[in-house]
Amino acid sequence: MATIRRTMDNRTIIIGTRGSKLALWQAEWVRSEILKLRPGTKVALNKIKTTGDKILDVPLAKVGGKGLFVKEIEEALLNGGADLAVHSMKDVPTEFPGGLHLPVICKREDPRDAFITKKENNTWKIRSFNDLSKGATVGTSSLRRSCQLLSLRPDLKIEQLRGNLDTRLRKLDEGLFDAIILAAAGVKRLGWADRITEIISTEVSLPAIGQGAIGIECRADDEFINTLIASMNHEETSVCVRAERAFLKKLEGGCQVPIAAHARLVNGRLSMDGLVGSITGDRIIKSSAKGNTEASEAIGIALAEEILSRGAKEILDEVYGRCAPPVDGEISS
């Protein structure tokens with residue numbers, strides 16, 4: 001990591017980020033927003049390889065530890081190698097190291113999942129999820145996605161799909177899968193919306209916690225950075241994502257268990273769906289909650305408690321009893 005010299009009179013703001021195309025797009029977008037707020041500011045990117053980026057041959061559900069895609073970036077924040085960090089919110093643990101916090105959650109892109117297939121003669125070979133043939137092979141690294149898909153189509157063959165977005169699309173084009181499932185937000189942000197065969201309804205695949213939202217983490221005592229980025233917080237998105245994260249925190253969940261939640265504002269009130277499922281998709285416990293936005297986190301906690309009381313605790317205990325400790329978040333896209 002190159003050291004960038006800074007003085008209080010001529011400060012260079014350093015953004016910590018992963019090195020994937022999507023992560024760099026997000027970091028560059030935040031950089032452009034900072035320059036709009038403070039023209040002439042020097043802003044540099046510090047590309048950091050995280051543990052999650054290094055482990056590509058093992059399903060994340062089998063990897064222990066928390067914050068696989070943020071830990072090294074948070075270390076850079078703490079040691080001065082970065083002034084702020086840009087994350088995909090679904091990768092961010094529900095607890096932060098001492099001295100760090102998350103003051104900004106930016107406006108959310110489409111939070112839903114995207115169903116992607118190949119084209120032949122400029123038309124989709126498979127036009128929708130419902131058109132998948134019996135025993136079709138679907139690529140995804142997410143237990144959340146595979147659980148929900150298998151609950152509807154237990155005949156499907158779910159295969160692990162790791163790597164950056166372009167790598168995953170290439171594997172599809174090479175014929176390794178009949179279809180793949182990605183986060184619609186990442187596909188759209190990289191300008192590949194024309195690759196999306198179908199946006200999957202949240203009734204079919206409830207999104208990951210925080211999916212589609214970008215978060216900015218920084219040192220809690222850095223008054224300059226906190227003041228600079230404050231206006232980038234999108235209140236509606238923040239309310240919804242914090243409700244989802246409260247739901248996840250109460251469940252003490254992570255990659256080893258299919259957990260999903262989606263909150264949105266409807267007529268000024270928070271409406272939220274959440275679920276916990278078994279890995280095989282044979283059991284899914286789902287419920288909804290509504291309330292005032294001021295109580296968003298309480299709504300998320302209450303929804304988690306309801307789902308736990310309806311049998312989710314048994315699913316969580318069963319999985320954690322034979323797996324490594326929970327991992328917050330879900331692999332990007």
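Could you tell me whether Lys107 is outside any loop (DSSP other than H, G, I, E, B) and more than 17 Å from Leu156 (Cβ to Cβ)? The answer is no for Lys107. Checking the stated criteria, Leu161 turns out not to satisfy the condition of being over 21 Å from the mean Cα position of the chain (by Cα), closer than 27 Å to Lys49 by Cβ and not in a helix (DSSP H, G or I).
In this entry, Ile285 is excluded by the filter for residues that are surrounded by 14 or more Cβ atoms within 10 Å (Cβ to Cβ) and modelled with pLDDT under 95. Residue-level analysis places Ile259 outside the set of residues that are over 18 Å from Phe96 (Cβ atoms), surrounded by fewer than 20 Cβ atoms within 10 Å (Cβ to Cβ) and either aliphatic (A, V, I, L, M) or in contact (Cβ under 8 Å) with a residue 60 or more places away in the chain (or both). Within region 157-196, the residues that satisfy the criterion of being hydrophobic (A, V, I, L, M, F, W, C) and in contact with a strand residue (DSSP E or B) (Cβ under 6 Å, 6 or more places away or on another chain) are Ile158, Leu161, Leu172, Phe177, Ala179, Ile180, Ile181, Leu182, Ala184, Val187, Ile196. The set of residues in region 265-320 that are part of a helix (DSSP H, G or I), in contact with a strand residue (DSSP E or B) (Cβ under 6 Å, 6 or more places away or on another chain) and in contact (Cβ under 8 Å) with a residue 24 or more places away in the chain comprises Thr293, Ser296, Ile299, Leu303, Ile307, Arg310, Gly311, Ala312, Ile315.
Okay, residues lined up against (1) in a helix (DSSP H, G or I); (2) within 24 Å of Lys118 (Cβ to Cβ); (3) of a type outside the set (Val, Ile, Thr):
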site: Gly191; (1), (2), (3): no, yes, yes
site: Asp194; (1), (2), (3): yes, yes, yes
site: Glu203; (1), (2), (3): no, no, yes
site: Ile209; (1), (2), (3): no, no, no
site: Cys240; (1), (2), (3): yes, no, yes
site: Glu244; (1), (2), (3): yes, no, yes
site: Lys250; (1), (2), (3): yes, no, yes
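Is there a residue in region 227-237 that is under 18 Å from Pro97 (Cα atoms) and crowded, with 23+ Cβ neighbours inside 10 Å? No, region 227-237 has no match at all.
The values are calculated or read from the model by the stated rules, or taken from the named source; none is laboratory data. Because the structure is a prediction, the values reported are computed rather than measured. For neighbour counting, all protein chains shown are included, and Cβ atoms are generated from backbone atoms with ideal geometry for every residue, glycine included.
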